[in-house]
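I have placed the structure first, in the form of structure tokens, so that the comments after it can refer back to it.
Here, each number is a calculation from the coordinates, and none is a lab measurement. Just so we're clear, the structure is a prediction, and the values are computed from it rather than from any experiment. Here the Cβ is made from the backbone with ideal geometry for all residues, glycine too, and neighbour counts use every protein chain on show.
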Amino acid sequence: MVGMSCKFYGLRKDFDKLAAPIAKPLLVLTALIGAYYLLIRPFDLYQSARTNSMSSSSASGWRARAEPYASAAEFTPSKDALVFAVLLNAPADPEGFTMALFRPDIAVDARGRIVQLKPEDFSTLASLAEDATRLPDTGSFMNAWRVAHDRTSQRIDRLFARTPSGELKQVSVQGWHAEKKKLQTAVGEHEELPPVLHELFGYIQEGRADYQRGQVDNADVIEKVKALVEA
């Protein structure tokens, strides 16, 4: 009996010697995992939340969220309040109008309807428009960034946006497309449509929601807006 106990004790000592090198790495691994969840993981979660927060500032759907302006009958477009206006040059509509944005939170859509924007939507649109004026000039007709297409005669969306100095600058995009960014001709180092233009002109298209040529609710307001940028 004593002999068996001695053998068992000897085997256990041998096992402990073999297990010791394995146990240490396991302890280290456990400590690293604990440190990850204690220190690094919260930062990852913060970054994820920050990214989601940034995405939530998107102005996509701004037109659907806008409300009819209560004082629409008294609204008069003024150059001092104008943030930007967008005209359209297209084969089927060479003198078209898409939308305009006025301070503090008013928009006029392609049908001449006057709506009041959510504060975050107005802020996003106004900020993007100002950023667009900081881009280099293209040297092309209407200062247009021309997106590459197989077909020619693409429409031109003409943005007239207020610069930080207060002037109106034209920045156009020819052939804007949700899935196309490659430029027909590079502008400086830009071989693709700058992200600010791709995003902004995507939002601008919402100004033509449910618009059909000839169906205008307030032609007088549209003409007054166009006069502000064409003068």
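Distance cut-off 25 Å, Cα to Cα: go down the list 182/226; 181/224; 79/118 and report the pairs above it.
Exceeds cut-off: 182/226; 181/224.
Just flag the GluC sites (Glu not before Pro) in segment 164-231 sitting in loop per DSSP whose Cβ has no more than 11 other Cβ atoms within 10 Å.
Hits after loop and neighbour filter: 167, 179, 189.
Sort 99, 142 by Cβ crowding within 10 Å, fewest neighbours at the top.
By the 10 Å Cβ count, ascending: 142, 99.
Within a 10 angstrom radius of the beta carbon, how do 152, 185 rank from fewest other beta carbons to most?
Placing the least packed residue first, the sequence is 152, 185.
Please give the contour-minus-distance gain from residue 150 to residue 182: 0.36 nm per residue of separation, less the Cα-Cα distance, rounded to one decimal in nm.
Gain on extension, residue 150 to residue 182, equals 10.3 nm.
Going by how many other beta carbons lie within 10 Å of each one, how would you line up 105, 217, 137, fewest first?
137, 217, 105
Tell me the trypsin sites (Lys or Arg not before Pro) within segment 133-231 that lie in a loop according to DSSP and have at most 10 other beta-carbon atoms within 10 Å.
Those satisfying the criteria are 151, 213.
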